[in-house]
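Right, one structure below, let's go through it.
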Amino acid sequence: NEEAEIVVNVGGVRQVFYGGNLNQYPETRLAELINCLSGGYDSIFSLCDDYDPGKREFYFDRDPDAFKCIIDVYYFGEIHMKKGICPICFKNEMEFWKVDLKFLDECCKTHLSEKKEELEEIARRVQLILDDLGVDASESRWKRCQKYIWKFLEKPESSYPARVIAVLSFLFILISSIVMCVGTIPDLQVVDAEGNRMEHPTLDSIETACIGWFTMEYVLRLISSPNKLHFALSFMNIVDVLAILPFYVSLTLTHLGAKLMELSNVQQAVQALRIMRIARIFKLARHSSGLQTLTYALKRSFKELGLLLMYLAVGIFVFSALGYTMEQSHPETLFKSIPQSFWWAIITMTTVGYGDIYPKTTLGKLNAAISFLCGVIAIALPIHPIINNFVRYYNKQRVLETAAKHELELMELNSAEGKAASSKSELEDLAREGKEGPFYSSRLKVSHSDTFIHLLSEEKHYRTRLQSCK
C-alpha cells in the first residue's frame, strides 16, 4: 500500500516512512515492516526489537547516525557514509537493514575496502604474534629449531638476544660500507709486487669478516625460512645476495682467472665487481622502518614522479632549443648543438648550475632565468603528494601496530576472565571435597600461565571492543 505509514524509532530518533518510498526496494527490512502487521506479533518481533501497537511504532536498538545515512537510498537511490562512522560498522548496519552494498557510493566503497585491508593486516600481525608464542607439540625438533632461528633473525622485537643480533648486523653493514669507502683513499692503499695499488691488508681482513657475517646470516635465514622460493625472490634477499656475491666471484677470479684469461682482464673484472659492493648499503632498509616507509611512499608516488619527469623533460627540450637558437649570434657561444644544450637545461632547471655552459647574450640570460623559475615550480609541485604518502603510510603503520597490541590485550583479558570463572568453580568444588592445598595452588598457577601473554606483561590497558575498533 503506497499510502501506508509506519513510524520507526532507531536509537531514540523517530522517522516516519510511507509505503510508496519503501516499496521501491521490497527486499529491505523497512519494506518488510509494511506487510508484517498482518502476520501477527511473531512476524513483527522477527524484524524489530520492540513494538508499540498504540502508536504503531517500531523500535530498533541500532546506530541512529548510520540509519540516517542508510535511508537516503529510499529518496536518492544511493548512500553516502558520514565522516566519523566506522566503515565496518556501517557495512554491518547495511546488512541488518538488508540494503545491498551496491547502493553505497564509490568513494565510500574505497574507504570500506581500505578499512578491510587494515583489519586483515591487524589480524595477520596478531596471528604472527600468536604463532610465535604458541608451541606445537606435534612438530619435530628440527621444525621447532627452524622456527626459533627464523624468529631470532627476522624478529628483533621477540627477545633481547634477537635485538643484539639485529644491532650487530646493523653495525657490520656500517663497518663494511665505511671500509669500502676508506679503501679507495690512496694514502691508505699499498703497492703490490707489480706496482698496482690495492687495499690495505687490514681493511681487506675487516671486509672478509663482514662478508663472513653476511654469508652466515643469509644461509641461516634461508635454511630456517618457511617458504624458500618466496625468500629467494624477495627484494631485500636479492640485495643480500648482490652484497656478498661480488666478494666470492672476485676471490675466484683472482686465484683461478689468471689461468684462463690475461691478468689485465682479471683485474678489470675484479674492479667492476667491487663496484657492486655498494648494494650492501641497501641492507640498512631491513633494520630501518624509516627507509622502508620511504620506499613504500615512493612506490605509491609513481604517478607524481612521472609528472615530475614529464614536466622536466618538456622544459629541458623547450629551453635547450631556445637557448641554442638565442646563443647562435654570439661568436664565442658555448651552445654547439641542441643535444649539448640539454646538459645546460638540466643543471639549470634543477638549480645545480655547474657553470661549464652558460649564456652570453641578453636573450639567452633571460631564457636561463625563466628556465630556472620553471624548474623550481616543476620540482616543487609533486613534492607535497610524496610527503603526504610518506606521512600517511608511517602513521598507518603505527596505528596498525597499536591496534594489534590492543587486540592481544583484549584476547588476554577475555581469556583471563573465562579462566577466572572456571577457576572459581574449581575452587568451590575443591573446597567441598576438602582438597585445598599445594596441589590446588599449583593448578591455579598453571591455569594462569596458559593464558598469559608475556609480550604484554609490562604494560596492560584493558579496553572495550569499541575502543579497540577506534
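Annotation for the range 156-243: GluC sites (Glu not before Pro) lying in DSSP loop with at most 13 further Cβ atoms inside 10 Å of their Cβ are Glu194.
For the pair the range 58-120 and the range 307-335, the centres of their Cα atoms are 55 angstrom apart.
Using equal-weight Cα scatterers in the Debye expression, the normalised intensity of the range 299-346 in log10 at q = 0.20, 0.26, 0.29 Å⁻¹ is -0.63, -0.85, -0.96. Here the range 5-104 was treated as a single set of alpha-carbon atoms; its pair distances binned every 5 Å from 0 give 2, 12, 26, 26, 20, 9, 4, 1 percent. On a 32 Å Cα-Cα criterion, which of the cross-link pairs Lys55/Lys116; Lys147/Lys396; Lys109/Lys143; Lys116/Lys155; Lys83/Lys151 come out too long? Check vs 32 Å cut-off fails for Lys55/Lys116; Lys109/Lys143; Lys83/Lys151.
Legend: calculated FRET efficiency, Asn92 to Leu373, from the Cβ-Cβ distance at R0 = 51 Å, rounded to 0.05, equals 0.40. Taking all protein chains as shown and a probe of 1.4 angstrom, Phe45 keeps an accessible surface of around 90 Å².
The accessible area of Arg300, taken with all protein chains in place and a 1.4 Å probe, comes to roughly 140 Å². Considering only Cα atoms, the convex hull volume of the range 292-414 works out to 95 Å³ per residue.
Size descriptors for the range 42-178 (Cα atoms only): Rg and Dmax, in that order, 25.8, 85 Å. In the complete set of protein chains, residue-level accessible area for Tyr75 is approximately 110 Å², probe 1.4 angstrom.
Using a cut-off of 11 Å between beta-carbons, work out the net charge of the residues near Pro385 (Lys and Arg +1, Asp and Glu -1, Pro385 not included).
On the way: positive: Arg300, Lys303, Arg392; negative: Glu304.
Net local charge, Pro385 excluded: +2.
Here the accessible area is traced with a 1.4 Å probe on the protein chains. For the range 16-155, carbon and sulfur cover 52 percent of it.
The values are calculated or read from the model by the stated rules, or taken from the named source; none is laboratory data. Since the structure is predicted, the reported quantities are computational estimates derived from the model, not experimental observations. Please note: Cβ atoms are built from the backbone with ideal geometry, for glycine as well, and neighbour counts cover all protein chains shown. Keep in mind that these areas ignore ligands, DNA and RNA; they rest on the heavy atoms of the full protein, side chains included. Shrake-Rupley method; radii C 1.70, N 1.55, O 1.52, S 1.80 Å.
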